Each structure stands twice: as C-alpha cells, then as structure tokens.
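Notes to accompany the following structure.
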Amino acid sequence: MATVDVIKSCIGSIRQISEHIQDAIVYLDAGSTESFQFIGAYPVLLELGARAICSLENMCALDVVVDWNSNSNPARKLVVITSSLLSDAHRYILRCLSTHQVVRHCIIFTSISETAHSAFPDSPLGPDAYHEYESLLVQDYEELVKKSGIKPGQAKHNFEDGGRSEFSSSGENVLNLEASSSGRDFYEHNPLDYIEDAVLKLVVSVHHFPMILCPISPRVFVLPAEGLVAEAYLSAEHEDSISPGLPPLSTGMLSDADDVPPGATLTAHFLYHLAAKMDLKMEIFSLGDISKTVGKILTDMSSLYDVGRRKQSAGLLLIDRTLDLLTPCCHGDSLVDRMFSSLPRRNRTFSHGSGSQLKLGSSYLQRAPLDVQIPLAKILNEEDWQIDNFRLLETVEAFLCGWNSGDSDSQVEGLINLSQKIHDKPSQSDVEILTGSFISSENFRGMPLLEAILDRKTKDGALLIKKWLQESLRRENLTVNVKSRPGLVTKPELQAMIKALSRSQSSLLRNKGIIQLASATLFSLDESNYAKWDAFSSAEKILGVSSGETSQSLAIQIGDLINKSALLGSHVNEGKREISKGLLSLQDALLLMIIGYILAGENFPTSGSDGPFSWQEEHLLKEAVVDALLENPSVANLKFLDGLREELETNVSKYKSEETAEEPSKLDIDDFDDQWGKWGDEDVDDDNKNEKVYGDVQLKLELRDRVDKFFKFLHKLSGLKRKNIPLRDGSLTTEANFDEDRKGLLYKLLTRVLGKYDVPGLEYHSSTVGRLFKSGFGRFGLGQVCGYAGHCLSSPVQIC
C-alpha cells in the first residue's frame, strides 16, 4: 500500500520556492512559525540561502542589520510567508518595507487562496485578490515613504525596545532609511532622490503557498493554532451551536450557500489544495452536517478543476468533532498526551503598539498554540554543561565590539545599552535559550521520533526513549554511572543520560531530537504532573461506573469532585500549596463535570425536563459550583465568568480581613463610658451592614445567573446522543468505560466500514453522475492510498 509523507511534501514545497528564498530576508507570521517549527524548516530555509528568518509580528529595527557582514550588502529582497488574510497581515508587511527601504522586491506567500479570500466575510479583496493586493501594497508603501520626508542622515533607531516605539498601532509612521557605514554605500545620490527611486522600483508579487500545517508525524498533522483556517469559526450562534470553535449538532439541516461558516469554507479550500499539492484525487465521505457541507464544497471544486486529470486515488473521511466530544476530554494511557498536557505552551502572538491581537473581529477564535516549550534549562544547568553556542551574552558582546570597531555613533551606544540590560537579566535569557520544542522531522536511524511514540502507552513509550538514549550513548562512546533496571524507567536514569549527551556541543547537535523528546518525557513523569494525570484518570473511571448505576449516584460523584476541589482551592489561596500534589483544581472539576453530563445524557436522557438530572440533583450541583467559585476567585478567568474576577477577589479579601478583625480583645471599663457619647449612631452602622449584605446578595445573584448559563451549556452536551442524528441508533456511541482499551468514535466507524456494515448518516460525495457507493472499504482506496480527516479543526488529521 502506497503512503503519503506530509513532512516531505511540506519541505518539498519550500524547496520549490528556493529562487525566491535565496538572498532574501524571510518573515514568518505566527501561524507559519508554528508550522515551520514542527516541520523543521529553518535549516532548509538557511540552506536555500535565506539571509535571516524573522518574526512578522515582532519585527524590530535590529532586523535591518541581522544579516550584515563585511562581505555582503543589505538584502534587497523580502519574503513574507503568512497563514492569514492579506488584509490582516497588511500593516506588518508595511512595517517591514518601511524598515528595509533598500528592498526592491517583496514576495508574499499566503496559505489562503484567492477564491477563499473573496469568500471570507472579513476580507475586503475580491476574486482577483492577489493582483488587487499587489497594487494596493505598492500604493500604500509609496504614500508612507513620501509622508515620512526624513533624510537618511537623520534616522535614529530606538534599539532599547527593538524599534517598536517608532511605529504606531496602525502602522502610520515609517522607519527611516538605514544610517550606517554599510548602508551609506548605496546612497551616492541625493537621499530624497533615492526615496523616490526606491518607490518606483519596488516590485510586489503574491503567491499561494498551501502547505502551512503542523505535522506530528509523516502521516498525522494538525493546523497551526494561529493560522486563519484554525481561527475561523465553525458555527454561528444558534440553538444547535455548542461553541464557535466546534461544528453545531448534526440535526440534518444543512447550511445554505450564504450561511456556510467561514471555517468550513476555508477547511474545504485547504483540503483541496493539499490534495492537489500531493497529486491525490479524493474520494470523499462525510459524517455530520458541517462535514457534509465541506464535502460538498470539495466536490464542487473537484468537478470544476480536476476534469481529465489522472491522479492517485485517496479516501477522505470527514467527521464532525461534536459527534464524539467525550474522547478528547478523557485522560487515557498515552505518553504523547501526557507530554502535551504537562508542558507549557508558547503564548499567542500579540501585536505591539495597540496591545491587541493580530486579527480582530467576530470571525476569529483564540486557540492555544500546539508549540510546546520543553524546559531544558531545568535539566541542563550551568554546572552540568559547557556549550559555547549557548553563551548569548558573550555573543552579543562580541557582535557589539565588532560593530564598534568601525563606527561609534549613537546607534552603537543604543546597542551597548541594550547589552547592559540583557546582562542585568541573565537568568531570564538562559531560560529562553534553553527551551526545546518538538520537531517531527527529527529521527533516530530513519525512524521519526514522534511517530514512533504517537500511539504508545506511557510505559512502552518511555522504555523506547530509554532504549534510544542508550544506543545514542554507545554511538558517542559515553558511559553513565547510574543503575539501570530492564523494563523500568526512572527519572534519575533519564536525567543522567540526557546530561551525558549534552556535555559537548557536537554531541548535543547530533542528538538534539532524542534529547528534547527525552526531556519532555522526564517532565511529564514528574511526580506532580504524573499524579494529576492519574487523578484525572481515576475520577473519569469513577464517573463511568456511576453512570451505569443511577442519576443520583452520578450527581453525588460530580458534587463530591466540586466540593473537594473547592477545599483545595481555599488552601492554595492561603499559601498551603504542599497539599495540592496530585489533586484536582476547580477548573479540573468543571472539566470532569462536562464528562459527567455527557455520560448522564447517554444513560439518563429522561431524568429531568431540561437535563439528565432531576431538579433537586441539579440544584445541589449549582449551589456547590456557586459556593466553590465564591471561595476560589482564581478560576474567574473562565469565559462564562467574564467581568466578575475583580468582584470575586474583592469578596474573598473582604472576608479574610473581617476574620482578622474579629479576634477577641480585652475589655476595659472605660469602653462602656465611651458608648454614652455614641448613642444615636446605631442607624449608621445598620446602614453599612445593609449595604454590605446587599452587595453580597447582588454578587451571589449575578454569579448564579452565570452558573445557570453554564448549566444550559451542559444541557446541550447531555443531548448529544439524542440530537445528533448519526448517534441515535447507538451503534456509534462511544463507550462509557474508561479503561486502557477504550475505543472512540473513529475506531468504531472504521470497524463498521471494514466489516461491510451500514453506517447511518455516512454520505459519499460523488463528483461524477452515476457513481454508486460500493460496500466495504473499496472506495477508501485501501489498495492504493487511504486517508481520513478528523473535524473540527482541533482534531488531528491522518493520511495513511
């Protein structure tokens, strides 16, 4: 059976644009950065001749000189790779052009096609989007340069903040021409004549680059969290909508052409161009309303553009995520899941100046980036490794000395001041330097590391990583003085092997892939992370058992979790954090509450009029949640509590101060004499008490309203089986048990298809009139290439 390698396809697409990359400064937006990090594309870009690779949103004045040396001139070519709309990236592209005013050619690659640009509601561009934007960018750039009107000799960059203070939030101000010894060689004529000449000679070209995705392995990928395809909403607000980031309930009512969510349209265009790039002809199957809409758009596009082409056939299975929300909430025995759960994630990118996100508007979601940050600094401390290339401060100092030897103007003084600021915070710099991440193209003797452990349980995956470390040590002729027991992985053993492989720079570079993966494993096996995951798993098993009994039993278990987490939160707020090891927070308990309501809806669909529990059972749960939130204001950052965080924190602080003030004091006889002069003030005290009681009651009423809305959301989740048409017969319902062999919807669906059983609601999208659905898995192309995609966008997509 032929296979498709997504990583090779992505790297191949980058090599296809090598003529544009050569001798250019490359700018990547947040979505492209996340994608290229997983692909391992940075060495490829440098190999193709890129002068430098910079962040589009975090562009600064130092980008101008980052590629300068004695043998090169400032780059005259700029390449921007973006996963956003051209209109969203416009202000950042203008900033780059205003900074690099010696640039003659600006090449923009976007993952959003021209057709998708015109179909997206927030895009001002039409069907000829690329050519429209080329002319608009040149026009805006010309206006900005003429508006600046400052001679190059007057340029003054503020290097202390990276040059960002020179830009307004709207990108109106223009960074002036480079004023350095290397840059002045280009200014042989009048500087103002040069500005006019630069505008006339600026050439802008826009191209489509669809291969911006995050491959976890050669056959599994997800979409970058800060790319437009992942950020576009999948559901408008209506009664069948659960969340903007999830498809609505599959009630059989498909969206009209004008009401298709932007996320569905962008997903269809992405999948079509992905298949075209890999030269595949898709046989499309769908399960769920949004997936059927995506399949229809894909079929229409294939009918228009793929006539007469001979391509390799591949099966594409689209599934609405809302058909199985239980599986992604569960904590099974998976090493990769433990890693992504325990490791910190990279923060989302914010635009500088205005402080707002890169994209604004109702059509955008805020998803957490998948790019984890592996804390290597906690494992490789200063006493255990000596690596020259990690000496950032010495490198910056050497760069400044070399710069200062040829010139000593005010810009050098600014750089030296920046160096002194860096020296004031060495620990923070070390932490930022020693942060690893997953790269799917890293392999051990041809075996991709992430793919090898993707479906392994915790113990099996840890043993495999231990084996790789041992083989790497033998290959490097290194020994580790630590006890090793076969069939068992310990933290001291892993840490000793990681440090041994990292002692020399050459060994670290050769084995960086396994070192980062082993460090992530070590962090996920930390006692606090490991115990919390096990606590989640145990709680889920208890809920699964209770769901097989009575609704009252399940409600009692959910309430017990809420009360225990509230007690934990109150102790943590008092500073007693040592008791929290392995216990669940209130936010964790609310996630378990979601699992409990989904299970209750599957087992007790008629217990209550609106939900799966009786009025009395649900009333007790609501009161438990309200009391827990009053005692734990730290969870007020949840969406359904927007605007109440300050009031909740004030309420907790007030009660603590009152408890302190109520300490008993020794009475004196004179105190009674003083009371004679205060007769008549009782009314004032009563008024203060009444205001306090009124404030407490008002806060509690507001909190109850918010909790009521949260429970309405839980009621929707409990109705998944009843309202989702494909789940009504029960053949595809996920299992309530939470043991190691629990199977999700996708496994059940493929099992039924392979067994030649009918699948209710599964639709085949034919692009040719008269084609019939054949029984079994023949149309999925098992003899050639088979693929399936999970939908919504937060789910992994696999091509096998």
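Against the numbered list (1) at pLDDT 90 or above; (2) open to solvent by 10 Å² or more (accessible area, probe 1.4 Å), M278 comes up short only at (1). Looking for something aliphatic (A, V, I, L, M) and either over 28 Å from Q139 (Cβ atoms) or at pLDDT below 85 (or both) - is there at least one such residue anywhere in the range 111-118? Looking through the range 111-118, none of the residues is aliphatic (A, V, I, L, M) and either over 28 Å from Q139 (Cβ atoms) or at pLDDT below 85 (or both). Just checking, does the range 541-553 include any residue being under 20 Å from I594 (Cβ atoms), open to solvent by less than 10 Å² (accessible area, probe 1.4 Å) and modelled with pLDDT of 90 or more? Yes: the range 541-553 contains one or more residues that are under 20 Å from I594 (Cβ atoms), open to solvent by less than 10 Å² (accessible area, probe 1.4 Å) and modelled with pLDDT of 90 or more. Restricting T110, T115 to those that are open to solvent by 40 Å² or more (accessible area, probe 1.4 Å), touching a residue at least 24 places away in the same chain (Cβ under 8 Å) and β-branched (V, I, T) reduces the list to T115. Residues in the range 620-633 that are assigned to a helix (DSSP H, G or I), in contact with a Leu (Cβ under 8 Å, 6 or more places away or on another chain) and either open to solvent by 30 Å² or more (accessible area, probe 1.4 Å) or over 17 Å from K709 (Cα atoms) (or both): L630, P633. Can you tell which of G315, G355 is open to solvent by 50 Å² or more (accessible area, probe 1.4 Å) and modelled with pLDDT under 85? The unique qualifying residue is G355.
One line per residue, one yes/no per condition, for (1) modelled with pLDDT under 90; (2) open to solvent by 10 Å² or more (accessible area, probe 1.4 Å); (3) under 24 Å from A230 (Cβ atoms):
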{"position": "A41", "(1), (2), (3)": "no, no, yes"}
{"position": "L56", "(1), (2), (3)": "no, no, yes"}
{"position": "N71", "(1), (2), (3)": "yes, yes, no"}
{"position": "S83", "(1), (2), (3)": "no, no, yes"}
{"position": "Y92", "(1), (2), (3)": "no, no, yes"}
{"position": "V102", "(1), (2), (3)": "yes, no, no"}
{"position": "P127", "(1), (2), (3)": "yes, yes, no"}
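Taking the condition open to solvent by 20 Å² or more (accessible area, probe 1.4 Å) and modelled with pLDDT of 90 or more, does K292 pass? Yes; evaluated as a whole, the condition is true for this residue. On inspection, T660 fails the criterion of being modelled with pLDDT of 75 or more, among the β-branched types (V, I, T) and exposed (fewer than 15 other Cβ atoms within 10 Å of the Cβ). Kindly indicate the residue of the range 187-209 that is hydroxyl-bearing (S, T, Y) and not in a loop (DSSP other than H, G, I, E, B) and also modelled with the highest pLDDT among those meeting that condition. Ranking the qualifying residues of the range 187-209, first place goes to S205. Output yes when any residue across the range 575-584 is farther than 18 Å from D534 by Cβ and either at pLDDT 85 or above or open to solvent by less than 70 Å² (accessible area, probe 1.4 Å) (or both), and no when none is. Yes, there is a match, as at least one residue in the range 575-584 is farther than 18 Å from D534 by Cβ and either at pLDDT 85 or above or open to solvent by less than 70 Å² (accessible area, probe 1.4 Å) (or both). Among residues that are part of a loop (DSSP other than H, G, I, E, B), in contact (Cβ under 8 Å) with a residue 60 or more places away in the chain and of a type in the set (S, T, N, Q), Q37 is not included. Taking the condition at pLDDT 80 or above, open to solvent by 40 Å² or more (accessible area, probe 1.4 Å), not assigned by the TED database to the domain that holds L274 and not hydrophobic (A, V, I, L, M, F, W, C), does R184 pass? Against the criterion (at pLDDT 80 or above, open to solvent by 40 Å² or more (accessible area, probe 1.4 Å), not assigned by the TED database to the domain that holds L274 and not hydrophobic (A, V, I, L, M, F, W, C)), R184 does not qualify. Scanning the range 437-472 for residues that are among the β-branched types (V, I, T) and either open to solvent by 70 Å² or more (accessible area, probe 1.4 Å) or farther than 30 Å from Y42 by Cβ (or both) returns a single hit, T458. Of the residues making up the range 599-619, those that are surrounded by 15 or more Cβ atoms within 10 Å (Cβ to Cβ) and assigned to a helix (DSSP H, G or I) are L599, A600, G601, E602, N603, E617, E618. Going through (1) open to solvent by 20 Å² or more (accessible area, probe 1.4 Å); (2) at pLDDT 90 or above; (3) under 23 Å from G332 (Cβ atoms) one by one, R475 falls short only on (3). Do the conditions hold for E493, that is, is it over 30 Å from P605 (Cβ atoms), open to solvent by less than 10 Å² (accessible area, probe 1.4 Å) and of a type in the set (D, E, K, R)? Yes, satisfied. Within the range 210-227, being of a type outside the set (F, W, Y) and in a strand (DSSP E or B) holds for C214, P215, I216, S217, V220, V222.
The values are calculated or read from the model by the stated rules, or taken from the named source; none is laboratory data. Values in this document were obtained by computation on a predicted structure and should not be read as measured data. Cβ coordinates were reconstructed from backbone atoms using ideal geometry, including for glycine residues, and neighbour counts include every protein chain displayed. To get the accessible areas, we keep the full protein, side chains included, count just its heavy atoms, and leave off ligands, DNA and RNA. Shrake-Rupley method; radii C 1.70, N 1.55, O 1.52, S 1.80 Å.
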